[in-house]
1. Can you give the FRET efficiency for Gln157 and Gln269, using 1/(1 + (r/R0)^6), R0 = 22 Å, r = Cβ-Cβ distance, to the nearest 0.05?
2. For the range 59-304, what's the relative contact order in percent, using C-alpha pairs closer than 8 Å and at least 6 residues apart?
3. Carbon and sulfur atoms: what percent of the 1.4 Å accessible area of the range 59-304 do they account for?
4. Counting only DSSP beta bridges with both residues in the range 157-309, what percent are antiparallel, rounded to the nearest 5?
5. May I ask you to derive the relative contact order of the range 188-338, considering only C-alpha pairs under 8 Å and at least 6 residues apart, and to give it as an integer percent?
6. Run the simple label-point estimate for Thr369 and Thr239 please: 7 Å along Cα→C-beta, distance reported in nm.
7. If packing is taken as the mean number of other Cβ atoms within 10 Å per residue, what is the order of 22-29, 316-323, highest first?
8. Whenever you get a sec, line up Trp328, Trp274, Trp361 from highest to lowest accessible area (probe 1.4 Å, protein heavy atoms).
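The values are calculated or read from the model by the stated rules, or taken from the named source; none is laboratory data. Quick caveat, the model's predicted, so the values are computed rather than measured. Cβ placement follows ideal geometry from the backbone for every residue including glycine, while neighbour counts extend to all protein chains displayed. When the accessible area is computed, the model is the full protein with side chains, heavy atoms only, and any ligands, DNA or RNA have been set aside. Shrake-Rupley method; radii C 1.70, N 1.55, O 1.52, S 1.80 Å.
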Amino acid sequence: MSNHYIQHYQELLDQLEKKSLRRKLKVSQSPSAPVMKINGRPMLTFCSNDYLGLANHPALAEALTEGAKTYGAGSGASHMISGHSQAHDELEKALAQTQASFIPRVKALFFSTGYMANMAAITGLSALNDARMTIFSEELNHASLIDGIRLANKQNQANIKIYPHQDTQTLERLLNEDQQAFKLIITDAVFSMDGDIAHLEDLLNLAEKYNALLMVDDAHGFGVLGDQGLGILNMFGITATDPRAARLIYVGTLGKAAGLSGAFIAAHQDLVEWIMQKGRAYIYTTASPPAIAHGLLKSLELINDAQHRHQLIKNIEHWKKHLKLKKWQLMPSTTAIQPIVIGSNANALQVAHKLDQKNIWVPAIRPPTVPEGTARLRITFSATHTPDQINKLIDALHEIENEY
Ligand SMILES: Cc1ncc(COP(=O)(O)O)c(C=O)c1O
């Protein structure tokens, strides 16, 4: 029998290549840092989400080693079986503590990845037995939220309504029209490809007015936003005594500013308990190595030390002060994500390639990750970048922009 699969997938790959949409891996031979060895070449990098520079912090690597010595290498099973170690338990208590001033009777649940936390939270919350939930989703939500929402639609017959980016007026109209008793608004806290911050106060008010839950994915805010770096709820000064706060489902990820990997959901204990019972992405997977949980306790200590955060803020200010673009557009962001919109996929790739020739690594982000015609350079800063390194990027961008 003839096997037509290989040829078919080759054709599909060729089509991607022609549209400049075929993704390729680069291999790094050094730890995450501003200067990395990539495919054997030293490169100045502006592409990681290691905002505080903790991914290569010696104290974190040491804590990870100590964790492995204490708990061994693997967890051996899922959380519900025998994989939930003392380290996971301690970490969940510490993570809950990070949000305790903002959410009443808070409990935290730890996951191996943010992708899984989002899948579990959305499918868990929408598992309502006889009732149906309507999910109101921000247009620019991260793919992991979108996938969770699509699964909730298939598994639990949840309705899906999408509202335009930061458009709380349209969101209000949709909430007002909806007849379901169970409503869930879902948004990124910091939009991962744009860098702007969700209008949390307005969203919380709408959640209260229309009796909805509000899920906030703070993947890019935990560790950096707010005066204690505890994330978007910290930044907006939400208090656990605020009656609206029991409507919050907070998701923080731990592979970005926290420098390691994993994620957590923090919410009122009854919501979290239900997610734990019904979130299949929590139940049917092996718990991550306890050493990671042990290491993350050290991350929380390092986040608590404001010096990393202050340096990051200085770096962002330095960049904004010195970059002078003429044709391209810097997106209106105050966070460590500072994208420049180029437009076509081919041009974005070409600019990234020209930077690459100058030994600078900035990724070109193209559809479907961003809308058609808005391909961009996604520039990210870390506390460990120096002003000199940032100047090198600025000079290179000024020079390349002149060629267009
Ligand atoms: C907004 C957002 N949510 C969730 C995730 C997924 O987190 P993780 O990488 O831990 O799976 C990411 C990034 O990867 C993200 O940018």
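1. The computed FRET efficiency comes out at 0.25.
2. Values: 520 pairs, mean separation 81.3, N = 246.
Normalised by residue count, the contact order of the range 59-304 is 33 percent.
3. Summing carbon and sulfur atoms, their accessible area is 50 percent of the total for the range 59-304.
4. 40 percent
5. 24 percent
6. 4.1 nm
7. Details: 22-29: 9.9, 316-323: 15.2.
Ranking the peptides 22-29, 316-323 by packing returns 316-323, 22-29.
8. Largest accessible area first, the list is Trp274, Trp361, Trp328.
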